[in-house]
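Enquirer: I'd like to ask you about the structure that follows.
The values are calculated or read from the model by the stated rules, or taken from the named source; none is laboratory data. Note that this is a predicted model, so its numbers are computed, not measured. Reconstructed Cβ throughout: ideal geometry from the backbone, glycine too, with neighbour counts over all protein chains shown.
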Ligand code: RIB
Ligand code: CA
């Protein structure tokens with residue numbers, strides 16, 4: 001059983017991921033922390049609260065987090081992917097739940113101190129809240145059980161730009177800090193999420209399940225599917241955020257490699273790109289590879305048994 005904090009920017013795929021986590025007995029969800037990304041942090045928070053209310057899980061805490069990246073400003077989200085409301089322009093009325101008064105970074109710190117070495121953090125958006133928590137209490141590096149984040153592109157093209165994945169692109173400075181800290185961390189990036197596609201047929205089956213959460217999410221997914229049909233020309237949607245939870249449930253479904261990773265923070269063509277080093281030889285004192293020197297190796301997912309991942313998702317969400 002994972003004691004879990006979900007850091008999220010819902011976002012349509014975040015919503016399916018949250019639904020999946022709520023439906024999976026492996027997770028005891030201690031709280032959701034919200035962050036800007038797909039939408040502004042106010043909408044991330046409203047959407048998180050509504051999802052929990054639709055799932056009748058209103059006792060789960062929601063702590064509002066960062067409204068912009070460590071450097072620079074919030075660029076306005078991606079309405080063409082997630083809708084202006086972050087939920088496929090379904091414009092549901094806000095629920096009746098409110099966030100707790102504790103800000104996201106403080107909530108993360110509080111829970112990690114309350115449950116030392118027991119907290120797993122699933123990060124589904126920009127890593128700003130994690131970077132902020134780390135800068136306030138560096139010792140959480142040694143106290144977190146593990147961090148698994150959806151983001152990055154180690155050996156494949158980006159999606160936000162040809163070179164960078166959206167969550168890293170949204171706050172590359174936070175990402176570079178988080179990936180350089182000494183905590184167990186796994187990158188579930190486009191290297192595997194672009195190999196995992198939820199078909200329209202499966203989405204149709206989800207829509208036939210009559211529950212407030214299924215009804216809402218499958219409606220929002222029509223908007224998300226239209227984007228992928230139009231832009232990526234695929235007969236389904238990439239499984240980005242839910243892949244964090246399928247990884248946690250069955251790590252054997254993923255092949256991983258272990259390298260130090262730097263994130264491009266300069267405002268240039270590859271801003272937000274996650275750059276793994278190329279292996280041990282990098283550390284033979286070469287000045288050229290200094291940026292990776294003394295950086296911890298992180299766990300990078302590079303391949304996936306996507307059929308089994310889809311089966312797992314169907315199993316949990318077709319109930
Ligand atoms: O690149 C995909 C990621 O960016 C997902 O987390 C999606 O929700 C967006 O935040
Ligand atoms: Ca997300």
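Enquirer: Going through 99, 10, 93, 69 one at a time, which residue ends up being in contact with a helix residue (DSSP H, G or I) (Cβ under 9 Å, 6 or more places away or on another chain) and free of Cβ contacts under 8 Å to residues at least 12 places away in the same chain?
Expert: Exactly one residue qualifies, and that residue is 93.
Enquirer: On to the next question. Tell me which residues, restricted to the range 171-191, are within 15 Å of ligand 2 (Cβ to nearest atom) and closer than 20 Å to residue 249 by Cβ.
Expert: Answer for the range 171-191, where residues must be within 15 Å of ligand 2 (Cβ to nearest atom) and closer than 20 Å to residue 249 by Cβ: 187, 188, 189.
Enquirer: Also: Taking the condition closer than 20 Å to residue 278 by Cβ and either within 16 Å of ligand 2 (Cβ to nearest atom) or at pLDDT 95 or above (or both), does residue 168 pass?
Expert: For residue 168, the condition - closer than 20 Å to residue 278 by Cβ and either within 16 Å of ligand 2 (Cβ to nearest atom) or at pLDDT 95 or above (or both) - is met.
Enquirer: For the list (1) surrounded by fewer than 24 Cβ atoms within 10 Å (Cβ to Cβ); (2) outside any helix (DSSP H, G or I); (3) at pLDDT 95 or above, I need the number of the one condition that residue 227 fails.
Expert: Unmet condition: (2).
Enquirer: If you go through the range 1-30 one residue at a time, how many are more than 14 Å from ligand 2 (Cβ to nearest atom) and within 22 Å of residue 175 (Cβ to Cβ)?
Expert: Number satisfying all stated conditions: 2.
Enquirer: Take the residues in the range 230-242 that are part of a strand (DSSP E or B) and touching a residue at least 40 places away in the same chain (Cβ under 8 Å); name whichever of them is farthest from residue 127 (Cα to Cα).
Expert: That would be 237.
Enquirer: Taking the residues in the range 243-258 that are touching a strand residue (DSSP E or B) at 6+ places or on another chain (Cβ under 8 Å), in contact (Cβ under 8 Å) with a residue 60 or more places away in the chain and crowded, with 20+ Cβ neighbours inside 10 Å as candidates, determine which candidate is farthest from residue 120 (Cα to Cα).
Expert: Restricting to residues being touching a strand residue (DSSP E or B) at 6+ places or on another chain (Cβ under 8 Å), in contact (Cβ under 8 Å) with a residue 60 or more places away in the chain and crowded, with 20+ Cβ neighbours inside 10 Å, the top hit is 254.
Enquirer: Here's a follow-up. Does residue 62 satisfy being in contact with a strand residue (DSSP E or B) (Cβ under 8 Å, 6 or more places away or on another chain) and either surrounded by fewer than 17 Cβ atoms within 10 Å (Cβ to Cβ) or closer than 26 Å to residue 109 by Cβ (or both)?
Expert: Against the criterion (in contact with a strand residue (DSSP E or B) (Cβ under 8 Å, 6 or more places away or on another chain) and either surrounded by fewer than 17 Cβ atoms within 10 Å (Cβ to Cβ) or closer than 26 Å to residue 109 by Cβ (or both)), residue 62 qualifies.
Enquirer: Then there is this: Of the residues 187, 168, which is assigned to a strand (DSSP E or B) and either in contact with a helix residue (DSSP H, G or I) (Cβ under 9 Å, 6 or more places away or on another chain) or at positive phi (or both)?
Expert: Unique residue meeting the criteria: 187.
Enquirer: Residues in the range 136-195 that are under 16 Å from residue 261 (Cβ atoms), within 14 Å of ligand 1 (Cβ to nearest atom) and either under 12 Å from the mean Cα position of the chain (by Cα) or touching a residue at least 40 places away in the same chain (Cβ under 8 Å) (or both): how many?
Expert: Going through the range 136-195 one residue at a time, the tally reaches 24.
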